[in-house]
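Trainee: Mind having a look at this structure? Questions to follow.
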Amino acid sequence: MNEHTISVTRPVERALERVKQVLFRPFDLGKWFAIGFCAWLAYLGQTGAGFNFNTFGRKHASGADFRQQFDRVQDYVMANLYWIAPLAVAVVVFCLALWVLLTWLHSRGEFMFLHCVAVNRAEIALPWSEFAHEGNSLFWFRLGIGLLSMVVIWPLLILGGLTVFHMAMDESWNVHGVATAVGFGLAMVFAVVVFGIISKLTNDFVIPIMRLRRQRCLAGWAAIRRLFSRYLGELVLYFLFQIVLGIAIVFIVLAAVLVTCCVAGCFLALPYLGTVLLLPVLVFKRAYSLHYLAQYGAEYDVFSPPAPPTGAAPSPPIP
């Protein structure tokens, strides 16, 4: 395909049309809730809760005060280590188990939501079983990438935090220490960006390829790598336009919240129901990347019937 036929704006109109077809022609509340469930699984664990960081007090705390508070905490922990250590281990194990479970459900949900958008059907059981192999492959890939990100990002965060902590404890803010902390911070930001790009490419392009070709995740990555090695400029433009789309979507959602006097914001904060209300936005985002990928040729068109599993009979055409 001629590279000049690749556009980042043309899929916008097609994605909007897809939203109309899937959700409004005709409007079916039951269909909304079924597709909303698939979308909820697809985005499970992807939105983090907000954190509120408070200061220790209104007055400025000196290094001596900070050290005194730290010593008190340290003494308390050491005196109660017999129950704090097992509790900390239990909390870590529970959080890791919960993360693994959410990652598995999220990976399976991605194929369910993609299926609903691609074939314009509110199906749950069929894509759950039909794409179980691909979903599990995606799960193992994400699990490995997630563990790798922890190994890379957490040491940078800890080392940077310890550098700042020692300077605060000793009240010795110096150029070398600040530069070291900033260096760790920049390295962490770079790592976060890299892993974010990997996640974005996986969600937008690798998963559709896996569904189309019934391949494992690494095979899907190999196909995408070959494709965009010839279209690197188009890929950069895609990411830049995604930033523009993201900003526009944020403004639209904020406007809806303000117009409804924050009532919409309260509903959006509710699990599952918030996903159902945001379904037009989520379908648009999913459809946009699919229509963009389809521009690279029929072999990348997710709206055509997926390939049958190895050894299975071909699926009949989707009406």
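Trainee: Looking only at the range 187-217, how many residues end up being without any contact (Cβ under 8 Å) to a residue 12 or more places away in the chain and not in a helix (DSSP H, G or I)?
Mentor: Qualifying residue count, the range 187-217: 0.
Trainee: Which of (1) at negative phi; (2) free of Cβ contacts under 8 Å to residues at least 12 places away in the same chain; (3) exposed (fewer than 12 other Cβ atoms within 10 Å of the Cβ) is the odd one out, the single condition C262 does not satisfy?
Mentor: Among (1) at negative phi; (2) free of Cβ contacts under 8 Å to residues at least 12 places away in the same chain; (3) exposed (fewer than 12 other Cβ atoms within 10 Å of the Cβ), the lone unmet condition for C262 is (1).
Trainee: Report yes if some residue within the range 270-279 is in a helix (DSSP H, G or I), out of contact with any Ser or Thr (no Cβ under 9 Å at 6 or more places or on another chain) and among the hydroxyl-bearing types (S, T, Y); otherwise report no.
Mentor: Yes, the range 270-279 contains a residue that is in a helix (DSSP H, G or I), out of contact with any Ser or Thr (no Cβ under 9 Å at 6 or more places or on another chain) and among the hydroxyl-bearing types (S, T, Y).
Trainee: Now, a different point. Give the range 105-135 a look and list any residue that's of a type in the set (V, I, T) and surrounded by fewer than 22 Cβ atoms within 10 Å (Cβ to Cβ), or say none.
Mentor: V119, I124 - these are the residues of the range 105-135 that are of a type in the set (V, I, T) and surrounded by fewer than 22 Cβ atoms within 10 Å (Cβ to Cβ).
Trainee: Moving on. Any chance you could count how many residues in the range 118-151 are out of contact with any Cys (no Cβ under 9 Å at 6 or more places or on another chain), in contact (Cβ under 8 Å) with a residue 40 or more places away in the chain and among the β-branched types (V, I, T)?
Mentor: Total satisfying the criteria: 2.
Trainee: Check whether at least one residue in the range 206-222 is surrounded by 12 or more Cβ atoms within 10 Å (Cβ to Cβ), of a type in the set (D, E, K, R) and under 21 Å from the mean Cα position of the chain (by Cα), and report yes or no.
Mentor: Within the range 206-222, one or more residues are surrounded by 12 or more Cβ atoms within 10 Å (Cβ to Cβ), of a type in the set (D, E, K, R) and under 21 Å from the mean Cα position of the chain (by Cα).
Trainee: Another question, then. Please note which helices (runs of 4 or more DSSP H) are completely contained in the range 1-92 and include at least 2 residues that are at pLDDT 90 or above.
Mentor: 10-19, 29-42
Trainee: Considering the range 74-104 alone, what residues qualify as being surrounded by fewer than 17 Cβ atoms within 10 Å (Cβ to Cβ) and in contact (Cβ under 8 Å) with a residue 40 or more places away in the chain?
Mentor: W99, V100, L102, listed by residue number.
Trainee: What residue, among those in the range 296-319 that are assigned to a loop (DSSP other than H, G, I, E, B) and crowded, with 18+ Cβ neighbours inside 10 Å, is modelled with the lowest pLDDT? Please lay out each step first, then the result.
Mentor: Kept after step one, since they are assigned to a loop (DSSP other than H, G, I, E, B), are these residues of the range 296-319: 296-297, 301-319.
Adding the requirement that they be crowded, with 18+ Cβ neighbours inside 10 Å leaves 296, 302, 306.
On the way: Y296: 93, V302: 91, P306: 52.
Only one residue fits best here, namely P306.
The values are calculated or read from the model by the stated rules, or taken from the named source; none is laboratory data. Note that the structure is a prediction, hence the values are computed from the model and not measured. Counting neighbours? That spans all protein chains shown, and the Cβs are built from the backbone with ideal geometry, glycine included.
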